[in-house]
Amino acid sequence: MNDLRIDAVLVELLPLRRTPAGVPVIQCVLAHESSQSEAGRPRKVAVELQGVAVGELAGVLAAAAPGAKMRVSGFLAAKSMRSRAPVLHLNKIEFLEGN
């Protein structure tokens, strides 16, 4: 199973680009902060994730502004053949109230 859902804030949005086949792609950085329970104790968690949206969803993300609060879901994949760093490939974006 490779399915990640997370509430995040849009920190950075790179310009919309197109693949050689003309498919829209946009990259972003998402920040998440929460309190979680680990070994029965509370733990503050903060993480930044690189994300990418492809196709129609790239246009949705391109219309967002940094600071937008969202609930996203997708899957993790390696950034490239040379970089094994994880990137969240977005399948769904839901903008949360308070934007």
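The values are calculated or read from the model by the stated rules, or taken from the named source; none is laboratory data. Computed from a predicted structure; not experimentally measured. A quick note on method: Cβ atoms are made from the backbone with ideal geometry, for glycine too, and the neighbour counts reach across all protein chains shown.
Evaluate the range 3-21: report whether one residue or more is surrounded by 14 or more Cβ atoms within 10 Å (Cβ to Cβ) and in contact with a helix residue (DSSP H, G or I) (Cβ under 6 Å, 6 or more places away or on another chain).
The answer is yes; a qualifying residue exists.
Tell me, which strands (runs of 3 or more DSSP E) lie completely within the range 14-80 with 3 or more residues that are out of contact with any strand residue (DSSP E or B) (no Cβ under 8 Å at 6 or more places or on another chain), among the hydrophobic types (A, V, I, L, M, F, W, C) and within 21 Å of Asn91 (Cβ to Cβ)?
none
So which residues in the range 36-62 are exposed (fewer than 10 other Cβ atoms within 10 Å of the Cβ) and closer than 17 Å to Leu10 by Cβ, if there are any at all?
Correct list: Ala46 only.
Which residue pairs have Cβ atoms under 7 Å apart, sit 6 or more places apart or on different chains, and have a first residue in the range 15-28 that is modelled with pLDDT of 95 or more and a second that is among the acidic types (Asp, Glu) and surrounded by fewer than 16 Cβ atoms within 10 Å (Cβ to Cβ)?
Pairs that qualify, where the first residue is modelled with pLDDT of 95 or more and the partner is among the acidic types (Asp, Glu) and surrounded by fewer than 16 Cβ atoms within 10 Å (Cβ to Cβ), are Cys28/Glu12.
Would you check if Leu57 is closer than 15 Å to Val87 by Cα, in contact (Cβ under 8 Å) with a residue 12 or more places away in the chain and not β-branched (Val, Ile, Thr)?
No, not satisfied.
Considering only the range 70-99, how many residues are exposed (fewer than 15 other Cβ atoms within 10 Å of the Cβ), more than 12 Å from Asn2 (Cβ to Cβ) and either within 10 Å of the chain's Cα centre (by Cα) or of a type outside the set (A, V, I, L, M, F, W, C) (or both)?
Number of matching residues: 11.
Checking the conditions here, which among Ser73, Ser35 is among the hydroxyl-bearing types (Ser, Thr, Tyr) and touching a Pro at 6+ places or on another chain (Cβ under 9 Å)?
Ser35
I need the full set of residues from the range 81-99 which are hydrophobic (A, V, I, L, M, F, W, C), in contact with a strand residue (DSSP E or B) (Cβ under 9 Å, 6 or more places away or on another chain) and outside any strand (DSSP E or B), in order please.
Ala85, Leu96
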